[in-house]
Amino acid sequence: MADRVTVIGWDGSPLTGAATSALSAATLVAGAAHHLALPEVPANAERIRLGSIDLAARRIAGHRGSAVVLADGDPGFFGVVRNLRAPEHGLEVEVVPAVSSVAAAFARAGMPWEDARIVVAHPRTLRRAVNVCRAHHKVAVLTSPGAGPAELALLLEGVHRTFVICEELGTAREQVTVVTSDKAADHVWRDPNVVVVIGGGPEPRAAGAWIAGQHPADPQGVRGWALPAEAYPGGADDGGASGEGESPGLRAAQLARLGPRTGDLLWDIGSGSGALAVEAARFGAAVLAVDSDPAACARTAAAARAHGVQLQVVEGRAPHALERLPEPDVVRIGGGGVPVVTAVTDRRPERIVTHASTRDEAEALGAALGANGYTVRCSLLQSVELDTAAWSERERSVVFLLSAVRSDLAP
């Protein structure tokens, strides 16, 4: 095993005394081509081009002498330190950090970033990174070849965002470009780069914030979920904000079955009051709320503004309105029957929930889900709301809840 392993972050500025000292004593240096070309790298040191981190770690573990690994930015932040410290390599490292590329990108943009979400985009995770950009006002994306600004922009079709694209930070070729998302796909961008994605309304106020990346408090000071109709614009007085498919109990059960989370895209088909769409967005999911009623679309947009969440409203009738939507992870179907269920199963989301008012309707929906590759559960939910002044019945709701998990994911 190497006698000493030092990981040095480099942000383009002159190396610190600690970094220079570690490099001068190194008998093995690993890094990218531009790192190995630094004049501080000893001429007689063994050099390893970093491709596979695991392969380089095995070479370092078998080396006798002092090893140095050079990396861009802060190597402890989505960097090589985690890989080098993996149990299979047995390496203990010293770290000389530098300014992370995310911190540098926000500095170039002149923006605070304690409220930003930070994601890494690879081709396999690009869709989830885009969903975070849909759901949140401020996101920093650490890109990779095949998952860069152009690819982000293409998947954000129909969603307006501003991109601050920082190419080759810390080098002589550094360039910062501000473009709208619809223009980003028209350019070829140099790697490596960081994209700061901004938009979807005014920047939320972060006064009194105590946690990085999110502010858990609702702008209205509301705590909890499966909130009553009165918590949404229009309240119980609005005809679209009540009824069988809008009861808080059913909504709670649907959300529990779907489990929307950061990185997911949820379709809410038949959004009605917008209550379920808003609560899914409060969990961090990206949401597309679909409804054929313009008034329902307006209610959903107003509910999102009131609760300070990002979502996209699509006015149109399912199943035709679903054809051009991006791939969902989880779907709530508020109406439309078997044709809509069949159209949704064709898109292969992980989970689907819907409801029915009669057993015959529930059986038809369940059969359509099962025939299209889903494992189905059905529950009869009954809730009674009481007036606690007189302890008399105020409202009763009885509904069949169907939940379906794609069969290849079902336990």
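The values are calculated or read from the model by the stated rules, or taken from the named source; none is laboratory data. Here the structure is a predicted model, which means the values were calculated and not measured. Virtual Cβ from ideal backbone geometry, glycine too; neighbours counted across all protein chains shown. Note: accessible area is taken over every heavy atom of the protein model, side chains too, but ligands, DNA and RNA are not part of it. Shrake-Rupley method; radii C 1.70, N 1.55, O 1.52, S 1.80 Å.
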Exercise. Could you please put Phe283, Phe163, Phe400 in sequence from largest to smallest accessible area, using a 1.4 Å probe?
Key: Phe283, Phe400, Phe163
Quiz prompt | trypsin sites (Lys or Arg not before Pro) restricted to the stretch 317-368 and DSSP loop, no more than 10 other C-beta within 10 Å | solution = Arg324
Exercise. Could you check the simple spin-label distance between Thr375 and Arg85, using points 7 Å along Cα→Cβ, in nm with one decimal?
Key: 3.7
Quiz item: So for Glu246, Glu94, Glu279, what's the accessible-area order with a 1.4 Å probe, most first?
Solution: Glu94, Glu246, Glu279
Practice problem: Count the net charge of all other residues whose Cβ sits under 13 Å from the Cβ of Arg59, scoring Lys and Arg as +1 and Asp and Glu as -1. | Solution: +2
Self-check item: the chain, Rg to Rh (Cα coordinates; Rh as Kirkwood inverse mean 1/r)
Solution: 1.08
Practice problem: Find out how many positive minus negative residues lie around Trp225, taking Lys and Arg as positive, Asp and Glu as negative, among other residues whose Cβ is under 15 Å from that of Trp225. | Solution: +1
Self-check item: Area of His187 that stays accessible when all protein chains are in place (1.4 Å probe, Å², to 10)
Solution: 90
Self-check item: Student exercise, the stretch 11-79 dipole from Lys, Arg, Asp, Glu Cβ charges, in Debye to nearest 20
Solution: 340
Exercise. Enter the mean projected area of the convex hull around the alpha-carbon atoms of the stretch 1-151, in nm², rounded to one decimal.
Key: 9.9
Practice problem: Estimate the FRET efficiency between His187 and Thr342 by the formula 1/(1 + (r/R0)^6), using the beta-carbon distance for r and 35 Å for R0, to the nearest 0.05. | Solution: 0.30
Self-check item: Difference of contour (0.36 nm per residue) and Cα-Cα distance, Arg59 to Thr20
Solution: 11.8 nm
Exercise. Quantify, in whole percent, the carbon and sulfur part of the accessible surface of the chain (1.4 Å probe; protein heavy atoms only).
Key: 52
Practice problem: Counting only heavy atoms of the protein chains, get the accessible area per residue of the chain (1.4 Å probe) and round it to a whole Å² value. | Solution: 47
Self-check item: Computed [θ] at 222 nm, deg cm²/dmol, the chain (DSSP H ≥ 4; -39,500 (n - 2.57); rounded to nearest 500)
Solution: -7500 deg cm²/dmol
